[in-house]
Each structure stands twice: as structure tokens, then as C-alpha cells.
Amino acid sequence: MAVVGIDHRHIYTMAAHMVDAGGTLVAWATDGEPGTLPGWRDRFPDLPRRDATAILADPDIDLILTAAVPADRPALAVRAMAAGKHVLSDKPGALTLPDLDRIRDACARTGRRWEVDFSERYEVPSVTRATRLIRDGAIGRLVDITLIAPHRLNAATRPDWFWDPRRGGGILADIGSHQIEQVLHFAGADDATIEYADVDCMEHPPFQDRGRIAMRAGDVTGTILLHWFTPDGLPAWGDGRLFATGTTGTLEVRKYVDPAGRPGADHVILTDATGVRRFDASDDPLPFFGWFAATLGDPQRDHPFAVTRLAIQAQDIAERRREC
């Protein structure tokens, strides 16, 4: 494996999880000197930096990981697949439908795989536990998923591209893709419809700092609330929550923190006819990365395309409703 583009901090855990899944990371490249560079070198101090063109030309490299500037990810993915590489992209994998079509065409033309690391599920042990409980019928038939996804802005540390929706994506196409993916996942659905989408630019126009989505996947409704207003006093970057309602019970996931509650992360709270139970899911596995490594030779699946398309559609609906 090699990394091309370290512009977002997600690359730290993407690379680490793929190494844990059995991959051998051999090189990295990036444009310029992004603010993520010190953290990357701290984590992979002995990994050589190479030219991106040389990396893509190396026949011994099978997989490219990228957390480049979001607007640059589609072209990089197409270029990597043309060079015979599979691609694992940070989210968002694409910001426009034409770019998404170009990635799909590259997959079909080259036979290479393209996946997106939707880290708010793939890298969260408590969501693994929630998946098992819901699949096992712990709350009956699922009828609704509500996701609250606040993020801390850390404005002083953000690069220029972060503030430009054309380069970083709007709030729905970017972080909203995480939540759309979870609605599809828990609903067991291949597709969904966006019934409502809205954004606001409250503090730093044209940067979008609040967004909402209502969607439906089969019989399951999904409600998504996003914002960049996590207070500095919270001991995590965001109080991410998942609420699942079923016909016989409810389930709550407190992903990253339990404010004024129990320490640590990955809290799962199940309520059913017998009462309330709390689970510590911090040691649950993260199966996505091992699955991806083991299935690189399989045909391309539609899931990352469906999620990315829905996120772009939600963004387009919201921006037609309200201009910042």
C-alpha cells in the first residue's frame, strides 16, 4: 500500500487500520507541507516520502489510500485505477455527480475497486455492537434511525480549502455522507430517497456550519442533524449519537463521549420490555478493514456510490433551498 494525499487527519487511522488488516505500507506522497504533516511523521517516522507519479507507476503497490483535498480525490482515484491500483478514499469520495460517474467508469474499465472510509461507522466499535444487536432483533423491526453529528470547528487549525465548499464540500456532501451511510447500513437498503435537506452559514459564510437531512430507506426513516458548534469544554471532538427505534425497543449509541456520565467512549444503551441495559462496546472489532483487504479481488460493489450520490443530492437540494 501507499498513501497519496495526507490533507485530512483521517489518513492517520485509515493507514493504521489497513496495516492492522495485513497491508504493508511502503511509501507516501502529498502536495506541499499540509498541517497534518507533523502528525503523519510522528505516526510513520520511517516511511519514505516519494513522488506520487513514481508511486502510481510502482507495480508492487496494489492499493492507494488518499485523504487529499476532497475536490482532488476523484481525479486521483481515476488516475490510480488507470495505473492498476485499488483505492480507499477518505470521505467525501466525490463532490459532484459527474466526478462520481468518472470514478464508476474507471472501476468498470479497469476492474479496480473503489471504497470510501465512512469512519463514523467503520472506525467506531460501538456501531459494530449496535449492528449486531439490531440484526439479532433486540429492538424488533427497525423503523427509524436518528443521528446527531456535532463536530468541533478548531478554526485556527483549518487549511484554506476547508472553508471553500467547492474544494472541501458542503456540510451534507462531506460529513453528512457518514450519516447517510449509517441509515442505509442499518436499514439494510441499497438506496434511499432524500425527502428534505437544508444548510445554514451562520458564522463564516460561505462555509456551511449547520445542516439537516430527512431521508427514507424502505420502511426506515432517517433524520440527520449536523453542525460545527462542539464547545471547547467537551472532552471529545463531538458528542456523536445514534438513536435507533424499533417496534419493541430502542437503542442509543454514545460514540465518543458520555457527557457528565461514564468515562470513555463507545457506550451502547438498550431499552426493551425487560428494562434498560448498558454495554461497554469499546473492545468490539472493526470488521470493515479486514473485509476490504480480503475482498480486493472481488467485483466493485455499489454501496459507496449510492452513499456518495445521496450525499451529493442532499447537498444540491439544500443549496437550491438556501444560498449562503
Quiz item: Do we have any residue at all in segment 305-317 that's over 20 Å from the mean Cα position of the chain (by Cα), of a type outside the set (Ser, Thr, Tyr) and not in a loop (DSSP other than H, G, I, E, B)?
Solution: yes
Quiz item: Is it fair to say Ala82 is more than 16 Å from the chain's Cα centre (by Cα), assigned by TED's automatic domain parsing to the domain that holds Ala16 and of a type in the set (A, V, I, L, M)?
Solution: yes
Quiz item: Can you tell me which of Ala94, Ala71, Ala57, Ala82 is farther than 26 Å from Ile317 by Cα, in contact with a helix residue (DSSP H, G or I) (Cβ under 8 Å, 6 or more places away or on another chain) and aliphatic (A, V, I, L, M)?
Solution: Ala82
Quiz item: If you go through segment 253-291, how many residues are small (Gly, Ala, Ser) and under 25 Å from the mean Cα position of the chain (by Cα)?
Solution: 5
Quiz prompt | From Ala214, Ala260, residue being at positive phi and aliphatic (A, V, I, L, M) | solution = Ala260
Quiz item: Somewhere in segment 213-232, is a residue of a type in the set (Val, Ile, Thr), under 29 Å from Ala68 (Cβ atoms) and touching a Pro at 6+ places or on another chain (Cβ under 6 Å)?
Solution: yes
Quiz item: If the Cβ limit is 6 Å and pairs must be 6+ apart or interchain, which residue in segment 227-239 that is polar (S, T, N, Q) pairs with which residue that is surrounded by 14 or more Cβ atoms within 10 Å (Cβ to Cβ) and not in a loop (DSSP other than H, G, I, E, B)?
Solution: Thr230/Pro150
Quiz item: Going by the structure shown, is Phe289 in contact with a Cys (Cβ under 9 Å, 6 or more places away or on another chain) and either crowded, with 16+ Cβ neighbours inside 10 Å or among the β-branched types (Val, Ile, Thr) (or both)?
Solution: no
Quiz prompt | Residues satisfying the stated conditions in segment 1-55, i.e. without any contact (Cβ under 8 Å) to a residue 40 or more places away in the chain, more than 15 Å from Thr66 (Cβ to Cβ), surrounded by 16 or more Cβ atoms within 10 Å (Cβ to Cβ) and under 20 Å from the mean Cα position of the chain (by Cα) | solution = none
Quiz item: Got a number for residues in segment 31-48 being among the aliphatic types (A, V, I, L, M) and under 8 Å from Ile6 (Cα atoms)?
Solution: 1
Exercise. Quick one: count up the residues across segment 278-302 that are under 16 Å from Ala94 (Cβ atoms) and in contact with a helix residue (DSSP H, G or I) (Cβ under 7 Å, 6 or more places away or on another chain).
Key: 1
Quiz item: What is the residue count in segment 80-137 for residues that are under 18 Å from Gly240 (Cα atoms) and of a type outside the set (S, T, N, Q)?
Solution: 12
Self-check item: Near pairs, Cβ below 6 angstrom, 6+ apart or cross-chain, from segment 89-117 (closer than 15 Å to Arg309 by Cβ) to any residue that is among the polar types (S, T, N, Q)
Solution: Ser89/Thr66; Lys91/Ser177; Pro92/Ser177; Gly93/Thr308; Ala94/Thr308; Leu100/Thr308; Cys107/Gln300; Val116/Ser89
Practice problem: With respect to Gly275, determine if the residue is without any contact (Cβ under 8 Å) to a residue 40 or more places away in the chain and not assigned by TED's automatic domain parsing to the domain that holds Ile148. | Solution: no
Self-check item: Exclusive hit being out of contact with any helix residue (DSSP H, G or I) (no Cβ under 7 Å at 6 or more places or on another chain) and among the hydroxyl-bearing types (Ser, Thr, Tyr), set Ser119, Ser126
Solution: Ser126
Self-check item: From the options Phe229, Phe243, Phe279, Phe289, residue that is in a loop (DSSP other than H, G, I, E, B) and modelled with pLDDT of 95 or more
Solution: Phe229
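The values are calculated or read from the model by the stated rules, or taken from the named source; none is laboratory data. Because the structure is a prediction, the values reported are computed rather than measured. Neighbour counts are summed over all protein chains in view; Cβ atoms, including those assigned to glycine, are modelled from backbone coordinates with ideal geometry.
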